[in-house]
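The values are calculated or read from the model by the stated rules, or taken from the named source; none is laboratory data. Note that the coordinates shown come from a computational prediction; the quantities given were computed from them, not determined experimentally. As a convention, Cβ positions derive from the backbone with ideal geometry for all residues, glycine included, and neighbour counts pool all protein chains shown.
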């Protein structure tokens with residue numbers, strides 16, 4: 001990669017890249033996103049390499065591992081270009097057949113193409129799959145097109161064009177003005193207008209300013225930012241460099257959680273490449289503008305997703321939030337004016353600059369512009385990463401894209417916004433998803449986790465789960481959050497052990513009111529959302545636990561009873577081997593019995609039984 | 001006895017300012033598998049950061065441990081989706097199979113078992129990691145097979 005001293009040199013290089021690119025070239029893209037990786041993407045890619053070599057195809061076929069291709073439920077996904085053939089659930093064993101049938105002969109391996117669960121129609125090409133048809137890709141647009149480790153790929157797709165544009169012909173004020181008019185709001189959760197945040201920071205006097213990318217995606221159930229950082233790292237960098245130019249920042253940080261080692265690696269590689277090419281460093285593209293970036297790795301603290309805690313962590317301190325104001329834009333990292341935006345916000349910036357504020361503002365709803373990426377997971381057929389215009393309804397996302405609930409089960413609730421969000425019941429399925437309407441029903445947009453639950457989920461257990469999570473993660477600085485969460489944990493313990501009384505629910509509501517108004521940071525203030533929404537929409541489930549001492553969804557362990565059906569039990573002893581407390585006994589090949597005194601109700605016997613002989617009630 | 005050269009290699013990557021504390025501790029954690037006492041004291045001296053502050057950082061963040069970890073790190077995801085799909089049962093099963101509590105290391109030093117907030121592979125819940133390898137849709141009956149290669153690798157190393 002040459003170093004581009006001027007925009008003209010970069011343009012020259014782009015022309016070379018375009019000339020050397022053959023759109024008809026056969027390409028195999030093996031998805032190595034967060035969903036496919038655990039299913040063996042790298043092994044599949046290695047198998048392609050071997051099989052292509054055996055057939056002498058190395059010259060004709062370009063093999064790449066790509067970022068997330070979206071439909072994670074059916075991984076490992078393989079996309080073949082230029083035909084756009086989309087194979088799913090590909091294993092190492094399928095690879096020789098794909099190579100022989102599709103790459104050599106141009107045919108289709110029928111059993112690996114997508115079948116729509118509703119219409120049963122076979123979808124050979126990516127554009128025929130309903131999951132993709134309802135999406136509008138902006139942030140995710142490059143993910144199945146490029147090799148995340150190749151700057152050439154990114155440049156060929158128009159990468160760093162927005163940087164060219166702002167450095168050549170826009171003043172910082174014009175950039176801020178454009179972002180403000182686009183209506184972009186922060187994608188990290190609270191939805192603060194991005195342009196306004198930048199303006200605030202620019203207007204604060206001071207020589208030293210910072211920008212930060214918040215990649216501490218800690219919400220359980222969310223992996224949008226991971227997919228972007230791993231799959232299109234240069235887009236994040238490009239957005240940040242443009243932002244730095246607008247604000248007048250010379251230095252920036254990308255804060256990534258250490259649980260995402262691949263994101264750290266890819267971003268570091270992208271930073272090194274960008275520095276080598278002259279997109280970072282001194283006198284960027286001959287404009288006189290200097291800016292450089294470094295990565296700060298998180299160390300495993302959820303609270304560091306909160307911006308003031310994150311900055312404390314970069315400064316080498318423990319991640320305790322501080323009250324605002326002053327806001328980071330006034331006094332942030334090392335006491336200097338700082339703009340902090342999350343990964344998805346930064347990744348939106350280049351396209352907004354390239355295509356203009358009006359184009360962006362034409363997408364979405366009145367007060368929430370553009371698109372939003374969601375990680376659609378849980379009890380839904382097509383789990384995966386989706387990007388839709390703001391204002392798309394929950395029903396469209398869960399049923400049209402998501403293909404509905406598996407196993408003929410009933411939809412019960414969708415949880416948005418992570419531990420700070422709420423559980424939204426069935427009657428709001430037609431709610432358009434944007435910042436304001438989610439807030440009206442007691443939840444939040446959050447970073448974009450969307451967890452679908454069916455009748456097998458207990459809403460008391462879900463709320464208890466989040467409270468337990470936040471109790472572990474609370475930094476402990478302020479009393480309402482620290483002690484409030486501790487008390488909530490105790491109250492939930494009472495409920496699931498059948499020890500709770502009628503007054504428990506009122507006590508919980510009172511506690512939540514205090515936590516909401518008196519906690520220092522968003523963690524404590526919004527920790528009450530899972531409690532309040534489940535109390536509001538699923539009160540009868542709480543009452544069943546308290547009055548009848550029953551968990552209707554058969555989830556809360558202490559209220560369950562496991563027995564073995566002597567008719568169905570074959571005496572295979574699988575459960576005996578699995579039982580951690582030795583509560584199951586009986587002779588081999590004869591029905592077994594569970595000692596209720598010893599049983600800890602862990603459910604392992606229920607899970608390993610191949611004959612449905614273990615009963616749960 | 002502290003290996004001064006090994007520690008020096010780590011510290012020399014940074015400016016030596018107080019704000020370098022966390023990256024330096026991370027590198028020590030990665031390199032040693034834990035934060036040894038003498039090394040932590042040396043870092044405090046070099047960065048001119050009070051030892052109490054180093055200790056508060058080392059005990060606040062989950063990534064750091066003050067005692068050595070096992071040869072292989074098992075991390076069971078207890079994110080929301082994994083929770084709904086039986087992540088806790090998976091953790092229980094591993095715990096009873098390896099004879100070790102969550103947050104601890106097996107007596108032979110081969111495996112450390114921990115649970116984490118979310119590994120970000122929610123579409124394949126329940127998910128676990130052994131070292132850098134991800135495993136998705138792990139039902140309890142798959143556990144013995146997943147552990148085997150790591151147990152064998154452990155046995156063959158002297």
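Remarks
- Filter result for residue A:147 (in contact (Cβ under 8 Å) with a residue 24 or more places away in the chain and surrounded by fewer than 22 Cβ atoms within 10 Å (Cβ to Cβ)): yes
- Among the residues of this structure, residue B:122 does not count as one that is closer than 22 Å to residue A:553 by Cβ, in contact with a helix residue (DSSP H, G or I) (Cβ under 9 Å, 6 or more places away or on another chain) and modelled with pLDDT of 90 or more.
- Positions within region A:400-441 being crowded, with 18+ Cβ neighbours inside 10 Å, part of a helix (DSSP H, G or I) and away from chain B (no Cβ under 14 Å), in sequence order: A:400, A:428, A:435, A:437, A:438
- Residue under evaluation residue B:89, criteria (1) buried (at least 18 other Cβ atoms within 10 Å of the Cβ); (2) closer than 16 Å to residue B:142 by Cα; (3) free of Cβ contacts under 8 Å to residues at least 24 places away in the same chain, criterion not met: (3)
- Answer residue from region A:557-576, given it is part of a helix (DSSP H, G or I) and touching a strand residue (DSSP E or B) at 6+ places or on another chain (Cβ under 9 Å) and is surrounded by the fewest Cβ atoms within 10 Å (Cβ to Cβ) among those: A:576
- Qualifying positions in region A:225-272 - surrounded by fewer than 24 Cβ atoms within 10 Å (Cβ to Cβ) and part of a helix (DSSP H, G or I): A:245, A:261, A:262, A:264, A:265, A:266, A:268, A:269, A:271, A:272
- Hey, residue B:150 in contact with a helix residue (DSSP H, G or I) (Cβ under 6 Å, 6 or more places away or on another chain) and more than 9 Å from chain A (Cβ to nearest Cβ) or not: no
- Taking region B:92-108 as the range and being at the interface with chain A (Cβ under 9 Å from one of its Cβ atoms) and surrounded by fewer than 22 Cβ atoms within 10 Å (Cβ to Cβ) as the test, the residues that pass are B:92, B:95, B:96, B:97.
- Looking across region A:17-61, the residues that are over 29 Å from the mean Cα position of the chain (by Cα) and within 22 Å of residue A:158 (Cα to Cα) come down to A:17, A:18, A:19, A:20, A:21, A:22, A:23, A:24, A:25, A:26.
- Residue A:221 being within 14 Å of another protein chain (Cβ to nearest Cβ), surrounded by 20 or more Cβ atoms within 10 Å (Cβ to Cβ) and more than 17 Å from residue A:298 (Cβ to Cβ): yes
- Checking the stated criteria, residue A:337 turns out not to satisfy the condition of being surrounded by 23 or more Cβ atoms within 10 Å (Cβ to Cβ), modelled with pLDDT of 95 or more and farther than 30 Å from residue B:63 by Cα.
- Scope region B:109-147; condition in a loop (DSSP other than H, G, I, E, B), away from chain A (no Cβ under 12 Å) and either free of Cβ contacts under 8 Å to residues at least 24 places away in the same chain or closer than 27 Å to residue A:384 by Cα (or both); matching residues: none
- Single condition residue A:193 does not satisfy, out of (1) surrounded by fewer than 21 Cβ atoms within 10 Å (Cβ to Cβ); (2) within 18 Å of the chain's Cα centre (by Cα): (2)
- Qualifying residue in region A:201-215 (condition: in contact (Cβ under 8 Å) with a residue 12 or more places away in the chain, part of a loop (DSSP other than H, G, I, E, B), at negative phi and in contact with a strand residue (DSSP E or B) (Cβ under 6 Å, 6 or more places away or on another chain)): no
- Members of region B:51-86 found to be away from chain A (no Cβ under 11 Å), crowded, with 17+ Cβ neighbours inside 10 Å, over 28 Å from residue A:553 (Cβ atoms) and touching a helix residue (DSSP H, G or I) at 6+ places or on another chain (Cβ under 8 Å), listed by number: B:71, B:72, B:74
- If you go through region A:458-481 and pick out every residue that is part of a helix (DSSP H, G or I) and away from chain B (no Cβ under 14 Å), you end up with 3.
- Of all residues in region A:115-129 being in contact (Cβ under 8 Å) with a residue 24 or more places away in the chain and in contact with a strand residue (DSSP E or B) (Cβ under 8 Å, 6 or more places away or on another chain), the one that is nearest to residue A:380 (Cα to Cα): A:116
- Whichever residue in region A:282-305 is within 14 Å of chain B (Cβ to nearest Cβ) and part of a loop (DSSP other than H, G, I, E, B) and, among such residues, is surrounded by the fewest Cβ atoms within 10 Å (Cβ to Cβ): A:300
- Hits in region A:306-316 - residues which are at negative phi, within 7 Å of chain B (Cβ to nearest Cβ) and not in a helix (DSSP H, G or I): A:315
- Residue in region A:504-524 that is nearest to the chain's Cα centre (by Cα), counting only those that are without any contact (Cβ under 8 Å) to a residue 60 or more places away in the chain and over 23 Å from residue A:540 (Cα atoms): A:524
- Given (1) surrounded by fewer than 24 Cβ atoms within 10 Å (Cβ to Cβ); (2) in contact (Cβ under 8 Å) with a residue 40 or more places away in the chain; (3) outside any helix (DSSP H, G or I), index of the condition residue A:321 fails: (1)
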